[in-house]
Amino acid sequence: MSTNFKIDRPGVISYNAVMSACEKGMQWQQALRLFASMFFEATIRPSVISLNAAMAACQKCMRWQEALNLFIFGNLEMNIQADIISFATAITCCEQGMQWYHIIQLLGSAIEMSTSSTSLRHPSLAITEKPMVGGFMGERGERWKMRW
């Protein structure tokens, strides 16, 4: 009995699965190569899941600069719409690298996008103006509390 298998070129789902495996194997450089090869060599449009998988591999290896650069490149150059996972991963990477300025920038962008887009509406981005001990200081001096 002979079975003929048709081998297609790998698609976005295959690339995402391999990048996810790269995260688990702590192979951040390979994940970045795969992400780049999707766009530049295989002419496959990376999805937000692709972006998140490559960023997660960087996060696992504490490579905050690479993850942040990937986040920026994916959003600005590749027009990949970041989701809550993208922002959370970028923020976690910056936290690992103690990059507080970048964290504040990312939080501001996430909040701005959450008010203008339904793709980022999530309870973890909810804010309240109630006075509190600790938290973030707003422009007018009030305290802002992030609910994580």
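The values are calculated or read from the model by the stated rules, or taken from the named source; none is laboratory data. Predicted model only: the values in this text are computed from it and were never measured. Every residue, glycine as well, gets a Cβ built from its backbone with ideal geometry; the counts of neighbours run over all protein chains shown.
List of remarks:
- Check on PHE71, among the hydrophobic types (A, V, I, L, M, F, W, C) and within 20 Å of GLN30 (Cα to Cα): yes
- Residue count for the stretch 31-68, restricted to those that are free of Cβ contacts under 8 Å to residues at least 12 places away in the same chain, farther than 14 Å from MET78 by Cα and part of a helix (DSSP H, G or I): 1
- Out of MET38, MET62, one residue alone is among the aliphatic types (A, V, I, L, M), within 18 Å of ILE103 (Cβ to Cβ) and either surrounded by fewer than 22 Cβ atoms within 10 Å (Cβ to Cβ) or modelled with pLDDT under 95 (or both). It is MET62.
- Annotation: GLN81 fulfils all but one of (1) outside any helix (DSSP H, G or I); (2) loosely packed, with under 14 Cβ neighbours inside 10 Å; (3) within 13 Å of the chain's Cα centre (by Cα); the unmet one is (2).
- Which listed residue, of ILE44, ILE111, is at pLDDT below 90, surrounded by 16 or more Cβ atoms within 10 Å (Cβ to Cβ) and in contact with a strand residue (DSSP E or B) (Cβ under 8 Å, 6 or more places away or on another chain): ILE111
- Qualifying residue in the stretch 120-128 (condition: closer than 28 Å to LEU34 by Cβ, modelled with pLDDT under 95 and part of a loop (DSSP other than H, G, I, E, B)): yes
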